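Chemist: After the structure tokens below, expect a handful of questions from me.
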Amino acid sequence: MTRSFAWVGSWLLQAYYMLFVAFLVLPIFVMILMSFKNSEFLGFPIKGLTLDWYGAALADPAILGAVATTAFVAAVSTLIALVVGTWAAVALERLQGLAKAVAFVILCIPLAAPGIISAISLRIFAFDIGLELGVPAIIMAHTVHAVPFVSLMVLARLSHLPKSQTEAAKDLGASPITAFCLITLPFLKPSLIGASLFGLLLSMDDFNRSFFLGGFEPTLPILVFERMSTGISPQINAIASIVLLVTLSMGFVGERTLRRIGARK
Amino acid sequence: MNTQPARIALLAFPAFWILLLHLGPMLAMLRISFLESFPPLPGSAEVATLANYTAFFANDVYIVPMLRTLVFSFSATLLLLVLTYPLAFFLAKGVRAERKLTYLMILFAPFWVGEIIRIFSITVTFGNRGAVNWVLLNLGILERPLRMLYGYFSLSTGIIHLSALYMLMPIYAAIEKIPDNLLEAGRDLGAGPVSRFFDIILPLSREGVATGCALVFLANVGTYSVPALLGGPGTSMFSETIGTFFHTAGSQWPVGSAFSVLLLTASLTIAALMMLVIQRRKGRAR
Amino acid sequence: MTDICVLRDITARYGDVTVIDRLNLAIPEGAFVTLLGPSGCGKSTTLRMIGGFETPAAGQVLLAGKDVTHVAPNHRDTNLVFQDYALFPHMTVAENIAFGLKRKGAPRDVIRQRVDELMQLVRLPDMAQRLPAMLSGGQRQRVALARALARDPALLLLDEPLGALDAKLREEMQHELKSLQRATGKAFVFVTHDQEEALTMSDVVVVMNKGRIEQQGAPVELYRDPQSRFVASFIGKSNFFEGRLQEASAGIGRVEVAGGTLSARLGSAPLKAGDAVVVAVRPEKVALATERPQGNAIEARLQSLSYKGAKSTALFADAFGRRIEMDFNPEERRIEAGDSSVWLGWQDADGIVLAA
Amino acid sequence: MISRRSILRTAGAAASLSLFAPAIARAKSQEVNIMTYAGHVPDAFKAKFEAETGITLNIRIVADQGKQFNTMVTETSSPVTDICTVAAHRIPQFRGSDLLAPVDVSRLPGWSALNPIYSEADWLKADGDVWSVPVALGATGLGSNPDLVSEEDGSSWGSLFNEAFAGRVSYVVLDAISLAIAYQGNDITFNSYIDDRAKAQDVVNQARDFVIANKGILLKYTESSTEQQQLFINDEIDVGQISFGEAARLLNGEMPFRFRIPKEGTFGFVRSLGIARHAPNAEAAYTFLDAFLSEPEIGTQIARSSGSLPTFSGFADPMTEAEKAIFAFSDEDLKRIHFESPTASGLKYELIDVAVAEIKAS
């Protein structure tokens, strides 16, 4: 950073940044605090602390089941989205003119459609193709939702890949597929890692689609929603805090990986 | 260089995928919106009708929440723009490069928590027995708890918490891309900080602003959980109306689909207009 | 000598624009051939068609006698050194060099041996485990060479590989490339827009302009006997005098120019009396006199002098607005700036008459 | 290179996992998919049943008859649900869409554990068959904070629409229309309007307009009684509709709370377990129902886990005095509960469902 905008780093913007972070973090902090409260009723004041809710949450088969379902859905949908999204990005790169514009718009529909409309149209679609509500339907919905994100992230990086790289690989005897695997994919690695983290998050946090396409095995957000509307207990705080811990550590691992790759370049 | 069959093989799969899974659901929804009843009950035939659309215009109980949704989503978008632009600017140009990632990570950490859980945490914080009221009561600032939930305040809080990221990221990326030497050139040519901001940073980040506004607007229109869990009777949003049709017993899906089509059309039009208006001046300047 | 590669009536188009127009070219085995021309003349496109990266709209590419016009690059026995080297950033030097060998399915120990050998050849020992990002420009250049040579191609293609290097390193690499070519005995096709580079290294220089070959031949030939105004100006420097051919006899033409007549050798192109022509004279052939010399003579005034070390250049202008350059050895003579006009002259054999 | 290999390995593992996932799902084919209200299939029973039979009970919590109905309708092409929890008065609607199969009582030796008031009731039977297994009685009443709401206000639906409690009131819209109908002195069961659709529509419109007119008083529309319960706990409301079950849990004395069946009367309904017409695991479903009915203290368990009034004879016997006090209805209370009519409720909810959408949208 040059000194050209040193004044921006002045305490005013710094303070604003901190205030904003505090505003975002405050509710989460309160929620974590609540998870240790030794009463069935949420709310202040807190008279005593306990770890019971964590024990209860970790022993609750419904919660564990929901965690497993969520993880499975996230992993499978992200994996499929990664393949399809990358493939779509590579294909899109080859198109030109009107065909490219049209394909791009259709590719972005799931991203642009408001959440509830996307969810409802997918539900109708699932009905039309005879896909039962439940895990497969949620996977389909999450995959469809994640594909444009993956494609956009891949496209952004793909445009920075010099054409000579793949040409060189082919020149040295690699078939187009080998060249893609050995040169293009490694080049895309940072955006693929970013896209998978993003895809996992999208899926794990998704409410609209899971809600409208869910069956008998709820994902975690659906379970929390159900519990919220059918009797809140501090157990939800405990689950939420655990989820927070898991996703945050995932985020940090992902960030570190990205940074390491960045350092190698 | 690509031989024709190889090219077709490369394009066929993604083309098939996006046509089926991206366009398919939209078309399915469109089709149903013209049907008299759906899902088909045993023994009933498909009958085409426009009644689902006329139902919307026939009754202002639907028009009002639709307008409320669009106006609120638009206002919330502007609010978010005003709130996050300084942040994006600060992060892109005010933080030293090696600290940038840390600053970003801290800001993004809350977004790693799912939307439902975050909404839940907002109710715990701003409720009558929530943290904020408890502190204010104990400090003697309030005598009775201040009602903050189930109104526009909690709704906006929820929106800000959930979609700030979508506004911040495109703007940050746009400002980040502006080379420092442009700013140095501006300085060299005698531009002060204010002029450098308004004459260089702001025009060059317009694309990011446009993207952010469109994204956030669409996200706001489409959120179901925020108005359902944080809204009150006076703030009911069109997404809830649509959701109701899919939850009520009986053949209400076509109405819900028709209303979805209307909302989609309206929101995409507004989002496109927003992008056009924000980017227009750039076109003229060229 | 047989030809390793032959281009027959090659035509290339981008949309409606024809960038290569029915081009014919033969690359002799073991020769260092340079495609020389200004940017946009189609030299890179020609190279890319030999390598298989572009398919000609018409015509044939023959490699070792076989038609490879529609053969993909990975199935062609040519290798290319890219302008930006195109080293794979995520692979070490050794992995980069081994890449082509692995595609051939060569056994591990063979690959290792060949990689060592090539690293010796391009003088890059001890760099095997480095990533390209950790190398200097010259080192990258060598890795790119080694990588392209690894598969032992029948023909090595080089697309302006020295463009990114600084002047000194560039000269060094020119010599190295030349000796490498001799050592391997392979035909090299080298693309450049730098005439000096072309003259230094090549056995054959092919001068291209606007998608066509202007002239090809050994560097000395091209310098001494340019066959067109373009070649005369692109290879080395020339003074041009525009005029009309009066008569041609015994290989010498008399040309009427503004302010007199000039005599010079006739070029190989058939010219007849009355044709618009130019007389081209190299600056180093121009001689200075205070009196009007015999034969070719132009009266001019000195405009400027520039000192260039081994030689100096004097720039003159005559009464008809023509600018004439003269090279001379500053150790041998002095030219003082002055107002008086002087006479410039040269031997008939030192000028050449070319179509205008 | 290591990372490339590891990525490929992960991809391979995930791919094979997704290939085998259906196989894994099929392998545990001994399962019953149940849609039910919170606490109606008690956790203790579920654990015991799964341990004894090896059959997994997949329970999907529902809070709404409409959502259940829609879920089952959309499933018709590939049914998943085995057992749903249908409100007795909704049985005709579910049957009308061919969603229910008759219950073969002869296969359920535990049937006799049910209180005959329910097990012999007319509304369970149609076309000579029994259509579901009654589980619990639900009725909605009025909860209030006795410190701030007088006994009189706490005993009338009028408080839900009373300016005095503005911002401190909430209810479930679907129920509120019925409550407004009762408050306006009309027939909450619609029995008297069966042959007069126009009158019925008129009654609904009146109630709808009344609810809309008094919307300003409301804090929030809720989805369920449990959400109402939470609002009481969080001190967000002073007056609110709440069902008997959820109210029972608030009566434990931790906070000031009063529960009344208002003088205008209320509606009651019986929640019952029905077997889905196309149940994929019908056999296992019978195994489950049999075990459910045969469990000695199932009634007590349901009362404790759901707070509802179970349909089993003698469910209160093992309870403590404090519990008995909560679960005992006075005769006067019981008289004010009007059960939803299976014949009239089709008409009633057809009209009310539309009104709900209109109120929510207003």
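The values are calculated or read from the model by the stated rules, or taken from the named source; none is laboratory data. Treat the numbers as computed from the prediction; the structure is a model and nothing was measured. Glycine gets a Cβ as well: all are built from the backbone with ideal geometry, and neighbour counts include every protein chain shown.
Chemist: Tally time: how many residues in the range C:298-324 are assigned to a strand (DSSP E or B) and surrounded by 10 or more Cβ atoms within 10 Å (Cβ to Cβ)?
Modeler: Count: 18.
Chemist: Pairs, please: C-beta under 7 Å, at least 6 apart or cross-chain, first residue farther than 17 Å from D:Ser243 by Cα and in the range D:142-160, second acidic (Asp, Glu)?
Modeler: Close Cβ pairs (under 7 Å, with a partner that is acidic (Asp, Glu)) amount to D:Leu148/D:Asp238; D:Val149/D:Asp238.
Chemist: Just the residues that are in contact (Cβ under 8 Å) with a residue 12 or more places away in the chain, in a helix (DSSP H, G or I) and not small (Gly, Ala, Ser), please, taken from the range D:208-226.
Modeler: Hits for the range D:208-226 are D:Arg208, D:Phe210, D:Val211, D:Ile212, D:Lys215, D:Ile217, D:Thr226.
Chemist: In addition: Quick test of your reading of the structure: B:Leu104 fulfils all but one of (1) touching a Phe, Trp or Tyr at 6+ places or on another chain (Cβ under 9 Å); (2) within 30 Å of A:Leu248 (Cα to Cα); (3) at the interface with another protein chain (Cβ under 7 Å from one of its Cβ atoms); (4) not basic (Lys, Arg). Name the failing condition by number.
Modeler: The single condition B:Leu104 does not satisfy is (3).
Chemist: A follow-up question, please. Exactly one of (1) modelled with pLDDT under 85; (2) surrounded by fewer than 17 Cβ atoms within 10 Å (Cβ to Cβ) is unmet by D:Asp98. Its number?
Modeler: Only one criterion is unmet by D:Asp98, namely (1).
Chemist: Against the definition (within 11 Å of chain B (Cβ to nearest Cβ) and in contact with a helix residue (DSSP H, G or I) (Cβ under 6 Å, 6 or more places away or on another chain)), how does A:Ser77 come out, yes or no?
Modeler: no
Chemist: Go through (1) away from chain A (no Cβ under 13 Å); (2) buried (at least 19 other Cβ atoms within 10 Å of the Cβ); (3) part of a loop (DSSP other than H, G, I, E, B); (4) not charged (D, E, K, R) for C:Phe88 and report which single condition fails.
Modeler: Single failed check for C:Phe88: (1).
Chemist: Within the bounds of the range B:28-41, is there any residue that is within 25 Å of the chain's Cα centre (by Cα), at pLDDT 85 or above and assigned to a loop (DSSP other than H, G, I, E, B)?
Modeler: So far as the range B:28-41 goes, yes, one or more of its residues are within 25 Å of the chain's Cα centre (by Cα), at pLDDT 85 or above and assigned to a loop (DSSP other than H, G, I, E, B).
Chemist: Considering the range B:211-263 alone, what residues qualify as being at pLDDT below 85 and outside any helix (DSSP H, G or I)?
Modeler: B:Gly232, B:Ser236, B:Thr248, B:Ala249, B:Gly250, B:Ser251, B:Gln252
Chemist: Inside the range A:144-172, can you point out the residues that are surrounded by fewer than 23 Cβ atoms within 10 Å (Cβ to Cβ) and within 14 Å of chain C (Cβ to nearest Cβ)?
Modeler: Correct list: A:Arg157, A:His160, A:Leu161, A:Pro162, A:Lys163, A:Ser164, A:Gln165, A:Thr166, A:Glu167.
Chemist: Right, something else. D:Gln301 is checked against (1) closer than 16 Å to D:Ala136 by Cα; (2) polar (S, T, N, Q); (3) outside the structural domain of D:Ser78 (by TED's automatic domain parsing) and fails just one. What number does that condition carry?
Modeler: Looking at each condition in turn, D:Gln301 falls short on (3).
Chemist: Quickly run through the range C:325-339 and pick out the residues that are over 20 Å from C:Ala297 (Cα atoms) and touching a Phe, Trp or Tyr at 6+ places or on another chain (Cβ under 8 Å).
Modeler: Within the range C:325-339, C:Pro330 is the sole residue that qualifies.
Chemist: Does C:Leu131 meet the test of being touching a residue at least 24 places away in the same chain (Cβ under 8 Å), more than 25 Å from C:Pro73 (Cα to Cα), surrounded by 14 or more Cβ atoms within 10 Å (Cβ to Cβ) and within 12 Å of chain A (Cβ to nearest Cβ)?
Modeler: yes
Chemist: Would you pick out the residues in the range D:252-283 that are outside any strand (DSSP E or B) and within 14 Å of another protein chain (Cβ to nearest Cβ)?
Modeler: Hits for the range D:252-283 are D:Asn252, D:Gly253, D:Glu254, D:Met255, D:Pro256, D:Phe257, D:Arg277, D:His278, D:Ala279, D:Pro280, D:Asn281.
Chemist: Right, here's the next one. When you go through (1) more than 9 Å from every other protein chain (Cβ to nearest Cβ); (2) under 26 Å from A:Ile109 (Cβ atoms) one by one for B:Gly24, which number turns out not to apply?
Modeler: The failed condition is (1).
Chemist: What is the one condition in (1) outside any helix (DSSP H, G or I); (2) of a type outside the set (Ser, Thr, Tyr); (3) without any contact (Cβ under 8 Å) to a residue 12 or more places away in the chain that D:Ala164 does not satisfy?
Modeler: Looking at each condition in turn, D:Ala164 falls short on (1).
Chemist: Which ones in the range D:45-88 are touching a strand residue (DSSP E or B) at 6+ places or on another chain (Cβ under 6 Å), part of a helix (DSSP H, G or I) and within 14 Å of chain B (Cβ to nearest Cβ)?
Modeler: Result: D:Gln65, D:Gln68.
Chemist: Inside the range D:314-362, can you point out the residues that are within 25 Å of D:Leu114 (Cβ to Cβ) and in contact with a strand residue (DSSP E or B) (Cβ under 7 Å, 6 or more places away or on another chain)?
Modeler: If the condition is that a residue be within 25 Å of D:Leu114 (Cβ to Cβ) and in contact with a strand residue (DSSP E or B) (Cβ under 7 Å, 6 or more places away or on another chain), then D:Phe327, D:Arg336, D:Ile337, D:His338, D:Phe339, D:Glu340 are the ones that fit.
Chemist: Could you go through the range D:231-250 and let me know if any residue there is part of a strand (DSSP E or B), buried (at least 21 other Cβ atoms within 10 Å of the Cβ), assigned by TED's automatic domain parsing to the domain that holds D:Val86 and among the small types (Gly, Ala, Ser).
Modeler: No: zero hits.
Chemist: Moving on to the next point. Based on what the data block shows, is B:Val209 under 24 Å from B:Val64 (Cβ atoms) and in contact (Cβ under 8 Å) with a residue 12 or more places away in the chain?
Modeler: Judged against the criteria, B:Val209 is not a match.
Chemist: Next question, about the same structure. Hey, any hits in the range C:325-341 for a residue that's buried (at least 17 other Cβ atoms within 10 Å of the Cβ) and within 21 Å of C:Ser228 (Cβ to Cβ)?
Modeler: Scanning the range C:325-341, I find at least one residue that is buried (at least 17 other Cβ atoms within 10 Å of the Cβ) and within 21 Å of C:Ser228 (Cβ to Cβ), so the answer is yes.
Chemist: Sticking with this one: Being in a helix (DSSP H, G or I), over 23 Å from B:Glu240 (Cα atoms) and more than 10 Å from chain A (Cβ to nearest Cβ): is that true of B:Leu202 here?
Modeler: Yes.
Residue-wise test of (1) among the small types (Gly, Ala, Ser); (2) in contact with a Gly (Cβ under 7 Å, 6 or more places away or on another chain).
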site	(1), (2)
D:Asp195	no, no
D:Ala198	yes, no
D:Phe210	no, no
D:Lys220	no, yes
D:Arg249	no, yes
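Chemist: A further question on this structure: Determine whether the range B:182-196 contains at least one residue that is in contact (Cβ under 8 Å) with a residue 12 or more places away in the chain, more than 7 Å from every other protein chain (Cβ to nearest Cβ) and either in a loop (DSSP other than H, G, I, E, B) or under 17 Å from the mean Cα position of the chain (by Cα) (or both).
Modeler: The answer is no; no qualifying residue exists.
Chemist: Next up: Is at least one residue of the range A:165-186 touching a residue at least 24 places away in the same chain (Cβ under 8 Å) and over 30 Å from C:Asp77 (Cβ atoms)?
Modeler: no
Chemist: Which members of the range A:23-79 meet the condition of being among the charged types (D, E, K, R) and in a helix (DSSP H, G or I)?
Modeler: Hit for the range A:23-79 is A:Asp52, nothing else.
Chemist: Test A:Ser164 against the stated conditions and say whether it is at pLDDT below 90, assigned to a helix (DSSP H, G or I) and among the hydroxyl-bearing types (Ser, Thr, Tyr).
Modeler: Criteria not met by A:Ser164.
Chemist: For the range A:173-247, which helices (runs of 4 or more DSSP H) that fit wholly inside it have 2 or more residues that are surrounded by 22 or more Cβ atoms within 10 Å (Cβ to Cβ)?
Modeler: The qualifying helices (runs of 4 or more DSSP H) are A:185-205, A:208-213, A:220-229.
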